[in-house]
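Only one structure is covered here, and it is reproduced in the block below.
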Amino acid sequence: MARQERAIRTRRTILEAAAAVFDERGYTSATIGEILDRAGVTKGALYFHFGSKEELAVGVFEEQLAITLPPQSSKLQELVDSGLVLARRLRSEPLVRASVGLALDQGAMELDRTPAFRMWFEQNVQRLGEAKAQGELLPHVDVAETAELLVGSFSGVQLLSQLRCQRQDLERRVVVMFEHFLPSIAVPAVLARLDISVDRAERVLTQVQMQEVPGERMEMREGAVPAQVSSGA
């Protein structure tokens, strides 16, 4: 057990170091040597967890989805929660910021950035599909097209917020996005019950912390990737 915990801590240390270097230098300019220096681990330890720089990038990508949110009776509420929580984590968690930065790094020509968007897209397809099965969506809604639109909309909103104010207003911008987006897809009775508020993410994250048992809290701190219920690149 102690060995497993050490391995989890080492993996997390490497990911945090890689995220910092990617964020500062960009994917193309970052080197394994710089990441090793920042992490303070041996080359063998790094390659035990990640076989290449690209695998490190994929590990960083996964961090934007590495959280389990409380289930809701409404799947559209879960969709809203995942978007608002991602916005909150973008402002507070360096690994999540690096994940989104990598996904949008157009200079990283040698990096396949599609996994980041594919994970996010598939997650939204699943949630929207569940919402449709529960009768929460209007009849005309195409699940895949809607998921793609949501991914693109969030990506643009967070980029604009980053450029204008270092994402200080990101939660508010995401609220506005949902206020314009959801009436075109949600059944009115469901829409009226949705909580789309700036402080929603904070309340959801507090609930996550209260529900965690000590063992699960340790896994989250040390970098385990639990089952996914979140929304975004």
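The values are calculated or read from the model by the stated rules, or taken from the named source; none is laboratory data. In this text the structure is predicted, and so the values were computed from the model without any measurement. Glycine also receives a Cβ, built like all others from the backbone with ideal geometry; neighbour counts cover every protein chain displayed. The area values use the complete protein model at the heavy-atom level, side chains included, leaving out ligands, DNA and RNA. Shrake-Rupley method; radii C 1.70, N 1.55, O 1.52, S 1.80 Å.
Filter the stretch 28-41 down to residues that are under 21 Å from residue 106 (Cβ atoms) and open to solvent by 10 Å² or more (accessible area, probe 1.4 Å) and give me whichever is modelled with the highest pLDDT. Don't jump to the end; show me each part of the working.
At the first step, the residues of the stretch 28-41 found to be under 21 Å from residue 106 (Cβ atoms) are 28-31.
If we keep only those that are open to solvent by 10 Å² or more (accessible area, probe 1.4 Å) too, we end up with 28-29, 31.
Working: 28: 88, 29: 89, 31: 93.
Among them, the one singled out is 31.
For the stretch 87-101, the set of residues classified as open to solvent by less than 70 Å² (accessible area, probe 1.4 Å) and either aromatic (Phe, Trp, Tyr) or touching a residue at least 12 places away in the same chain (Cβ under 8 Å) (or both) consists of 87, 88, 89, 90, 93, 95, 96, 98, 99, 100, 101, listed by residue number. Scanning the stretch 45-97 for residues that are within 19 Å of residue 173 (Cβ to Cβ) and charged (D, E, K, R) yields 81, 88, 89, 91, 93, 97. In the set (1) open to solvent by 60 Å² or more (accessible area, probe 1.4 Å); (2) within 25 Å of residue 23 (Cα to Cα); (3) over 20 Å from the mean Cα position of the chain (by Cα), residue 160 fails one condition alone, (3).
Cβ separations smaller than 6 Å between residues 6+ apart or across chains give the following pairs from the stretch 109-130 residues that are farther than 16 Å from residue 52 by Cβ to residues that are aromatic (Phe, Trp, Tyr): 116/61.
Please pick out the residue among 111, 150 that is hydrophobic (A, V, I, L, M, F, W, C) and either under 23 Å from residue 180 (Cβ atoms) or part of a helix (DSSP H, G or I) (or both). Full working, then the answer.
Values: 111 fails: either under 23 Å from residue 180 (Cβ atoms) or part of a helix (DSSP H, G or I) (or both).
From the options 111, 150, the qualifying one is 150.
The set of residues in the stretch 54-73 being in a loop (DSSP other than H, G, I, E, B) and surrounded by fewer than 18 Cβ atoms within 10 Å (Cβ to Cβ) consists of 68, 70, 71, 72, 73. Of all the residues in the stretch 174-200, those that are of a type in the set (Ser, Thr, Tyr) and in a loop (DSSP other than H, G, I, E, B) number 1.
Screening the candidates 33, 51 for the property of being part of a helix (DSSP H, G or I) and over 29 Å from residue 88 (Cβ atoms) yields one hit, 33.
For the stretch 116-145, name all the residues that are in contact with a helix residue (DSSP H, G or I) (Cβ under 7 Å, 6 or more places away or on another chain) and open to solvent by 20 Å² or more (accessible area, probe 1.4 Å). Hits for the stretch 116-145 are 117, 119, 121, 125, 129, 130, 132, 134, 143, 144. The condition of being more than 11 Å from the chain's Cα centre (by Cα) and surrounded by fewer than 24 Cβ atoms within 10 Å (Cβ to Cβ) holds for residue 104.
Which of the residues belonging to the stretch 58-70 are out of contact with any Asp or Glu (no Cβ under 7 Å at 6 or more places or on another chain) and either of a type outside the set (Gly, Ala, Ser) or modelled with pLDDT of 90 or more (or both)? Let's see the steps before the verdict.
Looking only at the stretch 58-70, we keep the residues that are out of contact with any Asp or Glu (no Cβ under 7 Å at 6 or more places or on another chain), and these are 58-68, 70.
58, 60, 61, 62, 63, 64, 65, 67, 68, 70, listed by residue number.
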